[in-house]
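Every number in this text was worked out from the coordinates using simple rules, so none of it is lab data. Just so you know, these numbers come straight off a predicted model, no measurement behind them. All Cβ positions, glycine included, derive from the backbone under ideal geometry; neighbour counts span all protein chains shown.
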Amino acid sequence: MSTALRVEGLTKRFAGVAANDDVDFDLRPGEIHCLFGENGAGKSTLSSCIFGFYRPDKGQIFVRDQPVHIASPIDAIRHGIGMVHQHFVLVPEFTVLENIIVGTQRSGWRLNAAEARQKLKAICDGYGLDIDFDAYVWELPVGRQQWVEILKALYLDAEILILDEPTAVLTPAESRILFDIMGKMCARGLSIILITHKLIEVMQSNRVTVLRKGKVVATLNTVETSPDELARLMVGRDVSFAITKPELKPGETVVAVKGLTAHGHWGEAVLKDVSFSVARHEILGIAGVAGNGQKELFEVLCGVRKPQAGSIRLMDEEIAGLTPRCLMDRGVGHIPDDRFREGLVPEFNVAENLVLGWQRNAKYRSGPLINFKAIAKLSREMIAEYQIATRDEKVTAGKLSGGNAQKIIIAREFRHAAGLMLANQPTRGLDVGVIEYVQSQLLRKRAEGFAVILASEELGDLFGLADRIAVMFKGEIMGIVDPRNTTISEVGVMMAGRRQGTTQ
Amino acid sequence: MNQLFQEAIIVSILAATIRTMTPLLFSAMGELITQRAGIWNMGVEGTMLTGSFAAYIAATTTGSLWLAVLAAIVAGALMGAIIAFMTATLRVDHFIAGLGLNLLAGGLTLYWFQSYIQGRAQPTFSGFQDVAIPLLSDISVIGPILFSQRALTYVALLTVPLVWFLLYRSRYGLELRCLGENPKALDVKGLSVTARQFAAVMIGSALTGLGGGFLMLGFSDRFLADFTAGRGWIVIVALIAGNWKPKGVLVAVIAFAFLESLATHLQVLGAPVPHQLLLALPYLASIGLLMGVRFRSGQPTRLGIPYKRE
């Protein structure tokens, strides 16, 4: 057996656009093979074709050198292919065991849990995984939930495992554990396809296939390449990772948050005693694994969530509990993390989205009516200024790419805000070119004298952009550090819940 | 009023509660199966109406009540197939599909009814009678309430533990609940979400149709327009009130049945309240309940959301 899995000439088109164009790919037994590329490069499409979620238009898949036809996940499972999806496919209300065995029993009325338990126990022992089969999945931390996903595949005797962006939701420590497990799996003869866009992970693989715009650019042995070369292959041009940030002296305090506490939907504390301040010419970075209160913090700061306690002073005025409209009037700009649901209305056109929320402004109306002429004129200016790639201002926003949608939001908020800019995950899921653009825009606002609060899950971005970094864990701030004399791993430890300056 | 009279009334109200409960319970257990599979079937009312109409036709043409029961079950399953085709196969919005089904059932039953009687006097049938269980039915108070009921009442009560077992102890139940919570978790195991939802809706609707059939065969001797009179909606409220759990739904159904029989008795006893108001009692209670219910922890997470692979 020379290859565990081979793909020849695979082409998959969506509405005429090739997401995968004549892709060749091979996976050797016992190796970790990275699929590396930007969003939309075709990594997920390729893996979905291999797992039987999509049917390729052309091409042939071979498993253990035998040609196979994979029409649905059941065929993939039968050929020993397992997949760990980027967004976990778990039932939180089920136990670990139930999640693993649901849909796997092929005969009998009664649930046959005892046999499953035995088989799982053997698998877990083999990998040194310690997990309570009877715990509900909602009780488990994200890292453990991922184990359940992996166990689901191993329980079905997977020999080829596809992991789609597996570290996206993990802390650095959890990621290390995952790579340990992956190493053990390979030692046992499993072959792994690892989908990622993080260079640091690619470097831990055996081989890497770089995809760009649906085509294979190169397949390389990882030891024979470098992060710089891979980045260049991924983007198709030289990229500079270094962000040049001019030294600026922080000015007066713009926003001061003290003892901020907020509750979630079920009355649980989502923000606990959060305090910080941000000055003019300053970017405060918020680091943390997704779901540790960043979103709630931004919601409180922009007025859509009412705090239970604490104060927020904006230019010496108490603003805690004010409505979003009041805060917008006071110059607070907000770039939310879910751009197509909270940042804009996808069904509205570009021009409408560019004034969304500011439609009461005298410039955009004549009496009670909307002044479409004025809006159209302004929109054309903004489209040019912010380099939004659209035919004209009448295109429906939902038809634009994520990057262009983000540019609309940035244009709107930057145009209307004064003083404070809130940016939650502004670069998430964007291509390198757009990321550079967003970063330069945030630095521009900093230079103009704005106070900027920026949350990002990419620590590299935060270290490049932020003047100070506040680390959040379970709704609390673990500490605020100066990125110039802190390492990424120190922040990583705080993201896992260790307080600044403590040793445990 | 003397003591004996009071006791007789209470026994009568409670016995009527159990009797009234039967159709609601069948339909609620059916809808429970459907909703736990993630399909919010708003067409309960139409399915019950069709079930009762089919039972009426079968009872008056064949004279066999058990064939009428079968007809109600088949009619329910067919209505379920329509809902399933729209929601599970075509992935139409569940509410629109249910709305359409109710309108269809209302119109079709009336049309068929007219063409069935063709201006003649409506044929009637004599429905199910109480079955007194020997010995048990002689116990005072409890006997007449619990052990002197229609045979199908006992079957209805039996569906509660059966549905519980199906949901929580069988592999089909695990798959069914998975459909409601996260259908993709079944899809990635290589199982067809559509086929399973289709089956769940048809089986559930067969039970719902049986509920409508019993409403006809246990309480009436003829068909009338809008025969079910909103009971299908009460079933949906009972599911919410019962937090989508078999036992909870049973309690909710009994509560609604109690209100209904209380209203009927108060009316007969000549309580100084307009009887329309009394008849509205269960419906008023459900409005109050829906406003009050905030705790919906048992609601299937993906209930009412058509499943699409992404």
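Quick look at the numbers
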read-out	value
Per-pair calculated FRET efficiency, R0 = 56 Å: A:ALA389 and A:TRP109 via Cβ, rounded to 0.05	0.45
Average beta carbon contacts from partner chains per residue of A:105-118, 10 Å cutoff	2
Residue order, fewest to most beta carbons within 10 Å, for B:TRP40, B:TRP66	B:TRP66, B:TRP40
Peptide-level mean, for B:185-195, of C-beta atoms on other protein chains within 10 Å	6
Cβ-derived FRET efficiency at R0 41 Å, A:CYS326 paired with B:VAL251, nearest 0.05	0.30
Neighbour-count ranking [beta-carbon atoms within 10 angstrom, fewest first] of B:TYR154, B:TYR307, A:TYR155	B:TYR154, A:TYR155, B:TYR307
Span per principal axis, largest first, for the Cα atoms of chain A (Å)	71, 51, 49
Degrees separating the helix B:246-268 axis from the principal Cα axis of chain B, which is the longest one	30
Acute angle (nearest 10 degrees) that the helix A:402-416 long axis makes with the longest principal axis of chain A, alpha-carbon atoms	20
Contact order relative to length of segment B:139-294, as percent, for alpha carbon pairs under 8 angstrom and 6 or more apart	15
Computed over segment A:164-312: relative contact order in percent, which uses C-alpha pairs under 8 Å that are six or more apart	17
Whole-number percent relative contact order across chain A, with pairs defined as alpha carbons under 8 Å at least 6 apart	15
Positive minus negative residues near A:THR219 (Lys, Arg vs Asp, Glu; Cβ under 15 Å)	-1
Ranking of A:CYS302, B:CYS178 by count of other Cβ atoms within 10 Å, fewest first	A:CYS302, B:CYS178
Segment A:411-454 residues near the modelled A:VAL304 label - backbone nitrogen below 12 Å, point 7 Å along Cα→Cβ	A:424
Whole-Å distance, taken between Cα centres, linking segment A:311-328 and segment A:458-498	26
Unit charges at the beta carbon, dipole of the protein assembly as shown: most positive-side option, A:ALA19, B:TRP233, B:ALA37	B:TRP233
Taking only Cα atoms of segment A:5-235, radius of gyration then Dmax in Å	17.7, 57
Cβ-based net charge around B:GLU260, under 11 Å, with every Lys or Arg adding one and every Asp or Glu removing one	+2
Rounded to 10°, Cα long-axis angle of helix A:113-127 versus longest principal axis of chain A	80
Normalised per residue, the volume of the convex hull around the Cα set of segment B:3-292 (Å³)	146
Rounded to 5, the percent of DSSP beta bridges in segment A:5-235 classed as antiparallel	55
Net dipole in debye of the protein assembly as shown [+1 Lys, Arg Cβ; -1 Asp, Glu Cβ; about Cα centre; nearest 20]	1020
Average partner coverage of A:69-80, which counts Cβ from other chains inside 10 Å	2
